[in-house]
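Data first, discussion second: the structure below is written as structure tokens.
The values are calculated or read from the model by the stated rules, or taken from the named source; none is laboratory data. Just so it is clear, the model here is predicted, and its values are computed rather than measured. Here the Cβ positions follow ideal geometry from the backbone for every residue, glycine too, while neighbour counts run over all protein chains shown.
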């Protein structure tokens, strides 16, 4: 199945890479590419661990318990519990995700 959004992102990434290569040369291009691979290698174990933890949590915690704590009927207390867990968990607070240009 063809995915237009993936194709568009691929075209943009290839165009950006070609622009850097033509404008700044091979040495700068390779430095950026090696930094990108290092970032990918750093993030991959964290993403895989997050996927495994998320899968195991769905198996361990009963759906009714989660719905009672943070579901539609939990009210303001559920909102506070969800906000607390969102504050504690590091998803989205990584500088490499939030500010990719300054961190490179």
All conditions in (1) touching a helix residue (DSSP H, G or I) at 6+ places or on another chain (Cβ under 8 Å); (2) surrounded by 11 or more Cβ atoms within 10 Å (Cβ to Cβ); (3) modelled with pLDDT under 90 are true of residue 43 except (3)
Check on residue 6, under 29 Å from residue 89 (Cα atoms) and not assigned by TED's automatic domain parsing to the domain that holds residue 89: yes
Conditions: (1) modelled with pLDDT of 90 or more; (2) surrounded by 10 or more Cβ atoms within 10 Å (Cβ to Cβ). Residue 60 meets all but one. Number of the miss? (2)
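Residues checked against (1) under 27 Å from residue 37 (Cβ atoms); (2) modelled with pLDDT under 85; (3) not assigned by TED's automatic domain parsing to the domain that holds residue 48:
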| site | (1), (2), (3) |
| --- | --- |
| 70 | no, no, yes |
| 74 | no, no, yes |
| 78 | no, no, yes |
| 82 | no, no, yes |
| 87 | no, yes, yes |
| 92 | yes, yes, yes |
| 97 | yes, yes, yes |
| 100 | yes, yes, yes |
| 103 | yes, yes, yes |
